[in-house]
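The values are calculated or read from the model by the stated rules, or taken from the named source; none is laboratory data. Note that the structure is a prediction, hence the values are computed from the model and not measured. For neighbour counting, all protein chains shown are included, and Cβ atoms are generated from backbone atoms with ideal geometry for every residue, glycine included. The area values use the complete protein model at the heavy-atom level, side chains included, leaving out ligands, DNA and RNA. Shrake-Rupley method; radii C 1.70, N 1.55, O 1.52, S 1.80 Å.
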Amino acid sequence: MTNDAIPESWRAVIEPALTTPEARKLGGWLRAEEDAGKPIFPPRGQRLNALAWTPLDQVRVVILGQDPYHGPGQAHGLAFSVPDGVKVPPSLVNIYKELESDMGIARAPSGNLERWARQGVLLLNNTLTVQSGQAGSHAGRGWDAITDACVQAVVDRGDPAVFILWGSHATKKAQRVKGLGMADHHLVLTSPHPSPLSAHRGFFGSRPFSQTNAFLESHGRGAIEW
């Protein structure tokens, strides 16, 4: 993945997906795009941050995104998150609004969700790279099998987890994972996407944060400090 080291806790479960011809093709294509001078986000060294900051054995919640933010300085390897000092994107503004409505937690001034990731919230995009200014530009290039393997690894673990699926894209990704819909020891929450285009169609009022914490606490896994 162009100089991004695979975190140790995830290596065994995703290495099979990384040895396929499709994965090798993805790596070669990314190198060629960068060699051609095309700016790709997030930069090298940050593309596997979701895995680095949330080891497999610590995952309690999975939030699935689509692809990284495509503006300069925004993407840093965590779905829906931006680094400190970067303007909070509209979808995350709506996530914060729902969090405030759901749990009374005031909106954070920063859009950096590393504090969630450190508590076992896997903030995983389906596609882990994007070209500057071109949303969805790296979709279908080979990331899907790799990120599917990550989600499958969480499903296959015995520890109960919550899967938060915002929008049809996240729902479709989860449907590709074997056993998620049948696993009675996991909780699956679905709603429209938090983007300004769809948040008013059922994302607002869906209360994913309180539902997540109630489930985790009832299964002895502890609440997330959102």
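Looking across segment 46-64, the residues that are outside any loop (DSSP other than H, G, I, E, B) and either over 15 Å from the mean Cα position of the chain (by Cα) or within 18 Å of Trp226 (Cα to Cα) (or both) come down to Ala50, Trp53, Asp57, Gln58, Val61, Val62, Ile63, Leu64. Within segment 91-109, none of the residues are in contact with a helix residue (DSSP H, G or I) (Cβ under 9 Å, 6 or more places away or on another chain), within 21 Å of Pro7 (Cβ to Cβ) and touching a residue at least 60 places away in the same chain (Cβ under 8 Å). Among the conditions (1) in a strand (DSSP E or B); (2) exposed (fewer than 14 other Cβ atoms within 10 Å of the Cβ), Lys172 misses just one, which is (1). Considering segment 185-203, and only residues there that are buried (at least 19 other Cβ atoms within 10 Å of the Cβ) and of a type outside the set (A, V, I, L, M, F, W, C), the residue that is farthest from Val151 (Cα to Cα) turns out to be Pro194.
Here Ala145 clears all of (1) open to solvent by less than 10 Å² (accessible area, probe 1.4 Å); (2) not in a loop (DSSP other than H, G, I, E, B) except the condition numbered (1).
Checked against (1) of a type in the set (Ser, Thr, Tyr); (2) in contact with a Gly (Cβ under 8 Å, 6 or more places away or on another chain); (3) surrounded by fewer than 23 Cβ atoms within 10 Å (Cβ to Cβ), Ser81 passes all but condition (3). When Asp159 is tested against (1) touching a residue at least 60 places away in the same chain (Cβ under 8 Å); (2) farther than 22 Å from Gly222 by Cα; (3) out of contact with any strand residue (DSSP E or B) (no Cβ under 9 Å at 6 or more places or on another chain); (4) open to solvent by 40 Å² or more (accessible area, probe 1.4 Å), exactly one condition is not met: (2).
Among the candidates Ser210, Ser206, the residue that is hydroxyl-bearing (Ser, Thr, Tyr), assigned to a loop (DSSP other than H, G, I, E, B), open to solvent by 10 Å² or more (accessible area, probe 1.4 Å) and over 23 Å from Lys25 (Cα atoms) is uniquely Ser206. Of the listed requirements (1) in contact (Cβ under 8 Å) with a residue 12 or more places away in the chain; (2) in a loop (DSSP other than H, G, I, E, B); (3) under 21 Å from Cys150 (Cβ atoms), Pro43 misses just one: (1). Consider segment 213-226 and keep the residues that are aliphatic (A, V, I, L, M) and under 15 Å from Ala117 (Cα atoms). The one that is most open to solvent (accessible area, probe 1.4 Å) is Ala223. For the residues Gly37, Gly28, Gly71, the requirement of being within 21 Å of His169 (Cβ to Cβ) and surrounded by fewer than 20 Cβ atoms within 10 Å (Cβ to Cβ) singles out Gly71.
The set of residues in segment 97-116 being open to solvent by less than 10 Å² (accessible area, probe 1.4 Å) and not in a loop (DSSP other than H, G, I, E, B) consists of Glu98, Leu99, Trp116. Scanning segment 95-142 for residues that are under 19 Å from Leu180 (Cβ atoms) and either small (Gly, Ala, Ser) or out of contact with any His (no Cβ under 9 Å at 6 or more places or on another chain) (or both) yields Gly120, Val121, Leu122, Leu123, Leu124, Asn125.
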